[in-house]
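Here's the structure we're looking at; comments come further down.
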Amino acid sequence: MIFRSILFDGPEGVSEPQESSEVLHDLGLDAIIDAIAASRRDDDLTPLFRSRPTRESTVVYRQAIMRDLDTPAIADTIASFCDALATARRRLTLSTQAYYPLSGRRWLLDAMDTYCEAVRRLSAGLHDAAPRSSGLRALSDYVDGYSASDPFTTLAEDVRDLSSSLAAIQVGLVLHDGSVTVRAYDGEPDYSAVVADFFAKFRQRAGGGRRTNPRPSSGMTHVEAGILDRVARLNPTVFAALEDFAARHANAFDETLLTLEREVQFYLAYREYIEPLRVAGLPFCYPTVSTTSKHEMSRQGFDLALARQLVTRHVPVVCNDYRLDGAERLVVVTGPNQGGKTTFARTVGQLHYLASLGCPVPGEEARLLLCDRVFTHFERAEDVETASGKLRDDLVRMRAVLDAATPSSLIILNETFASTTVRDALVASRRIMARLSERDVLTVSVTFLDELANFDAKTVSMVALMDAGDPDRRTFHIERRPADGVSYALAVARRHGLTYDQLKERLPR
C-alpha cells in the first residue's frame, strides 16, 4: 500500500478548481472557512477548503479518515505528532536564525531530537490504535518503513550519541573581579544546586511582586556565547562532531511527513469547528455521495454557520428535512418573509459542498449528489455606477449560470427578479425553470411566486411554516407541502380583524 497524501487517494491535489468567492459568500461558507483557517494561523488551510475533489473515491477516502479520527486514540496520536513536528520546525528555524553558530547547531540537534521522538511515537501510536481507513493504514505502513530506514536510524543514532556526549561535558567556572574563567573540571563540588537552594528563599511568590520578562528562548548573551566558545575549545572532539552533525542533517525532515502535518490540519481544524455543536447535541453524519444518483435526502439538516452563532448565544437551532424522489429536481420554497427560506436554501448548498469535501455534514442522515459545480443567484444591490438596471443585471448573471451549469450541477436561487413586477418575474422565472427542468439540473429556488410551486412534474413545493395559533410567529420549519400563501395572508388578516367578514361587521351599514 503506497502512501501519497492524507487528502487524496489519487493524482488530485490543491490545483483542483476552486469555488468562486460569490458562491461561498452566498452560502455562508466563507464565514465557515475563515473561522477554520483562523484556528490554524501557521497553516493556510483556505485553499484546501476551497478546492473540492471531483472523484467519489476521494470523498469516501476522506470520510474513512474522519471516522478513524472519531477514535480518541487515533486523534490524539495524530494531534501529538503534529504538535511535536511543529515544535521541531520552530527549533529548526531558530537554528538558522541564531547569531552564534554554536547556539544554532544546538538548536538543530534539539530539533532533530524532537523530530525523531515524534516519528517513533507516531509509528507506535498508529500501530496500537489499528486504524481502519486505507489512508491511515497506508500512513502507518509508511511511517513504519521510514522509521526503520537507514537515513532515519542513522539520524536517530547520531542524535542519541551526540546528545549523550554533550550531556557528559563538565567544566569549572571561576568568577572573579568581573571576569569568567572556563577550565577543565577538576572534581570540585557542584555548587549550582547549593546556590539555587540559597536564593530560592528570595523567589517571588506566585502572583506577587514585579515580574521581569525573560529574554527570548532563542537568545544568548555575549557572556554566555563566550563561555560556550571556551567550553568548545576544551572539548574539541565533541564539538567537531556537532559541526559535522549540522552539515549532514540540516535537511533531515522527511517531506512526506511535512506534507502530512499540513494536510491533517484539514481534518483536525474541521473537527474542532463542529465540536461545540456536537457538545450542544446537534447531529452530524457522513453522507452517502454519488456522481450519478439524484435521489437525495437530508434528515435534520441545518445551516452550519448560523448554528455556530446560535449555539454561542444559547439559542435553539431549528433543523429541517429535505428529499427528492424519482424524477424530482426542482425545489420551490415559498412562505412569509423572515420565515427561514433563505437559511434552508443555504443549508442545502452547504450540505452538498461540505459533503464533497469529505466532511461530516449537519444532520442525522444524508444522501447527496457529488455535483461538479455549485452555482448561486442571490439578490444583489443595484450598482449605481453602471448604466444597466437591476433587472438586466439579474438576467445577465442568470444567463451566465445557465450557460455553465450541467446536469451534474446544483443551483441555489434566492428571490430572483424580486425587483421587477410580478408579471415580468413570473414570465422570466418560468422560462428559466423550463431550461433547468429540461437540463435536469438540481435546483433550490426561494421565491415569492406561489405559481412556480407546481411548475411541472419535477417540481417539489416546500413552505416556510407559521405558528398555527400565532400567524405572526415564524417557526423556521420548512415543510414539503403545496404552496398556500393565501391562507397565510388570511391568517394575518384574521389576527388583525381585517377579513371581509370582520370588516363587514365593523363598518356601518
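Read-outs throughout are calculated quantities, based only on the coordinates presented, and are distinct from any laboratory measurement. Everything numeric in this text was worked out from a predicted model, so none of it was measured. Neighbour counts run over all protein chains shown; Cβ positions are idealised from the backbone, glycine included.
Net charge near Val194: determine it from the other residues with C-beta under 15 Å of the C-beta of Val194, scoring Lys and Arg +1 and Asp and Glu -1. Charge balance near Val194 sits at -2.
Distance from the Cα centroid of the stretch 441-462 to that of the stretch 391-410 is 17 Å (rounded to whole angstrom).
Here the calculated FRET efficiency for Asp440 and Arg55, from their Cβ-Cβ distance with R0 = 22 Å, stands at 0.50, rounded to the nearest 0.05. Once you keep just the Cα pairs under 8 angstrom separated by 6 or more residues, what percentage relative contact order results for the chain? With pairs under 8 Å counted, the relative contact order is 16 percent. Lysine pairs in the chain whose alpha-carbon atoms fall under 25 angstrom of each other, counting only those eight or more residues apart or on distinct chains, come to 4.
Annotation: the residues Val289, Val59, sorted from fewest to most other C-beta atoms within 10 Å of their own C-beta, follow the order Val289, Val59. Give the calculated FRET efficiency between Val396 and Arg313 to the nearest 0.05, with a Förster radius of 41 Å applied to their Cβ-Cβ distance. For Val396 and Arg313, the calculated efficiency is 0.55. A straight chain from Arg132 to Thr292 at 0.36 nm per residue would run longer than the Cα-Cα distance by 54.9 nm. Counting only other residues whose beta carbon sits under 11 Å from that of Val60, what net charge do I get with K and R as +1, D and E as -1? Around Val60, the charge tally is +1. Counting every other Cβ atom within 10 Å of each residue's Cβ, Asp26, Asp158 order from fewest to most as Asp158, Asp26.
A convex hull fitted to the Cα coordinates of the stretch 298-415 yields 150 cubic angstrom per residue. For the chain, take every pair of Cα atoms, bin their distances at 20 Å starting from 0, and report each bin as a whole percent. All Cα pairs, binned at 20 Å, distribute as 18, 37, 25, 15, 5, 0, 0 percent.
What the pair-distance distribution of the stretch 280-506 shows, using all Cα-Cα distances binned every 10 Å from zero, is 8, 30, 34, 21, 7, 1, 0 percent. Cβ crowding within 10 Å ranks Cys116, Cys371 as Cys116, Cys371, fewest other Cβ atoms first.
Rounded to the nearest 500, the helix-only mean residue ellipticity at 222 nm of the chain stands at -16500 deg cm²/dmol, with each DSSP H run of n ≥ 4 adding -39,500 (n - 2.57). Counted residue by residue at 0.36 nm each, then reduced by the alpha carbon distance between them, the extension gain from Asn337 to Thr475 reaches 48.5 nm. A crude spin-label estimate for the pair Asp177 and His222, with each label 7 Å from Cα along the Cβ direction, gives 2.1 nm. In plain terms, if you count all Cα to Cα distances in the stretch 1-97 and split them into 10 Å steps from zero, the share in each step is 13, 32, 39, 15, 1 percent.
A Förster radius of 45 Å combined with the Cβ-Cβ distance from Asp467 to Ala86 puts the calculated FRET efficiency at roughly 0.30. Charged side chains reduced to their Cβ positions (Lys and Arg at +1, Asp and Glu at -1) give the stretch 280-506 a dipole of some 40 debye around its Cα centre.
Taking 0.36 nm per residue of separation and subtracting the Cα-Cα distance, full extension of the segment from Arg41 to Val427 would add 134.0 nm.
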